[in-house]
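Engineer: This is the structure I have questions about; it appears just below.
Quick note: the coordinates plus some simple rules give every number you see, no bench work behind them. Predicted model, so just to flag it, every value in this text is computed and none were measured. For neighbour counting, all protein chains shown are included, and Cβ atoms are generated from backbone atoms with ideal geometry for every residue, glycine included.
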């Protein structure tokens, strides 16, 4: 269907469906992690703390997590 509607020209300019949709609908808050693009998100996506937090919030909501607490002795682990 995409090929019949001029898709090859669109994908010549945009490397994936998420980048194409973001270009076409700039005002929509697209969530790259929701696209099934061989189970990948754009390079560097997980480097952004907002994306990691949004993913954890979504998982927490799905699983019904209401609160997460970290024992004080573990809070700084890995930050040293």
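Engineer: Taking 0.36 nm per residue of separation and subtracting the Cα-Cα distance, what length does fully extending residue 49 through residue 16 add?
Structural biologist: Stretched out fully, the residue 49 to residue 16 stretch lengthens by 9.6 nm.
Engineer: With no solvent and one point on each alpha carbon, what is the Debye value of log10 I(q)/I(0) for segment 7-71 at q = 0.16, 0.18, 0.23 Å⁻¹?
Structural biologist: Rounded to two decimals, the profile gives -0.67, -0.79, -1.08.
Engineer: May I ask you to order 17-24, 65-72, 28-35 by the average number of other C-beta atoms within 10 Å around their residues, highest value first?
Structural biologist: 17-24, 28-35, 65-72
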